[in-house]
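S.K.: What follows is a single structure, and I will ask about it in a moment.
The values are calculated or read from the model by the stated rules, or taken from the named source; none is laboratory data. This one's a predicted model, so the numbers in the text were calculated from it and none came from an experiment. Reconstructed Cβ throughout: ideal geometry from the backbone, glycine too, with neighbour counts over all protein chains shown. Just the protein is used for accessible areas: all its heavy atoms, side chains included, with ligands, DNA and RNA removed. Shrake-Rupley method; radii C 1.70, N 1.55, O 1.52, S 1.80 Å.
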Amino acid sequence: MSKNIIIAIDGFSSTGKSTIAKLIAKKYNYIYVDTGAMYRAVTLFAKNNQLVGLDFLKDEELIDSLKDITLTFKFNKDLGFAEMFLNGVNVEKEIRSIEVSQLVSKVAAISEVRKKLVKEQQLMGKEGGVVMDGRDIGTVVFPEAELKLFMTASADKRATRRYKELIERGDDVNFEEILFNVQERDRIDSTRKDSPLVKAEEAIEFDNSDMSIEEQFKSICTLVDNKL
Ligand code: DC
């Protein structure tokens, strides 16, 4: 009988972590948890309550408000993945906006925010059978994960992917703004004090700048099969 393992996928922003994580979860009938969506939802709450903006962060007030934030994932059969609900409202589209992307790294650097979300993530994955993507999954959330992957790609490739996604959904963005955001998030996520983005020692690194989704999927399935 195969075991229910934990697959941790960490890496830089827009490296296609969620695309690959969703495919793996579907194939092995695992739960997929997009932890970035959780940081994005807290950021949306903070933005809507004027607790964060491009030039300010009211961290004390946000910490006090954490008790008023309930995050839930609800599986959408048509989409094939779970959507994020903030206090009962579907915020899946809003949390992917450039405005939230520009603020999320600031909010994700607050230790109390991380503590709350890490606890919830550990609960979601405690039975195994989970593919979780983020920045600190293999290092902090599940240091004992059976399989750890670390995704990278050039900033230019990542910004191009992100730009296409946002244009396709009708957002009014320009490429330079997206490239700057990708680089700025890399910088803040990798240099913050609490749980910075670093590759876990035993993580297997994928530079997917020139790899197709199919190629990545095939290699990762082999790694998963070897663990089962
Ligand atoms: O994966 P993403 O780009 O949607 O994540 C959005 C931001 O959330 C990212 O820039 C950093 C933060 N994040 C984090 O600090 N830790 C995680 N486990 C996931 C995301």
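S.K.: Are any residues in region 126-138 buried (at least 21 other Cβ atoms within 10 Å of the Cβ) and farther than 18 Å from Ala41 by Cβ, and if so, which ones? First the steps, then the outcome.
M.R.: The initial filter retains those residues of region 126-138 that are buried (at least 21 other Cβ atoms within 10 Å of the Cβ), namely 130-138.
Val130, Val131, Gly138 - these are the residues of region 126-138 that are buried (at least 21 other Cβ atoms within 10 Å of the Cβ) and farther than 18 Å from Ala41 by Cβ.
S.K.: Step by step: first the residues of region 85-107, then only those that are small (Gly, Ala, Ser) and open to solvent by 10 Å² or more (accessible area, probe 1.4 Å), then the one that is nearest to Ile137 (Cα to Cα). Which residue is that? Talk me through it step by step, then tell me what you get.
M.R.: Just the residues of region 85-107 that are small (Gly, Ala, Ser), to begin with: 88, 97, 101, 105.
From what's left, open to solvent by 10 Å² or more (accessible area, probe 1.4 Å): 88, 97.
Details: Gly88: 26, Ser97: 24 Å.
Out of the qualifying residues, it is Ser97.
S.K.: Working only within region 150-189, note down all residues that are part of a helix (DSSP H, G or I) and open to solvent by less than 40 Å² (accessible area, probe 1.4 Å).
M.R.: Passing the criteria: Ala155, Arg158, Ala159, Arg162, Leu166, Ile178, Leu179, Asn181, Val182, Arg185, Asp186, Asp189.
S.K.: Which residues, counting only those in region 21-43, are in a helix (DSSP H, G or I) and either within 11 Å of the ligand (Cβ to nearest atom) or crowded, with 24+ Cβ neighbours inside 10 Å (or both)?
M.R.: Start the filter on region 21-43 by keeping residues that are in a helix (DSSP H, G or I), which leaves 21-28, 35-43.
Listed by number, the residues that qualify are Ala21, Thr35, Gly36, Ala37, Met38, Tyr39, Arg40, Ala41, Val42, Thr43.
S.K.: Can Asp78 be described as more than 16 Å from the ligand (Cβ to nearest atom), part of a loop (DSSP other than H, G, I, E, B) and out of contact with any Cys (no Cβ under 8 Å at 6 or more places or on another chain)?
M.R.: Yes: the conditions hold for Asp78.
S.K.: Could you grab the pairs with beta carbons closer than 6 Å, sequence gap of 6+ or different chains, first residue in region 103-120 and more than 15 Å from Leu51 (Cα to Cα) and within 7 Å of the ligand (Cβ to nearest atom), second one open to solvent by less than 10 Å² (accessible area, probe 1.4 Å) and among the polar types (S, T, N, Q)?
M.R.: Matching pairs, first to second residue: none at all.
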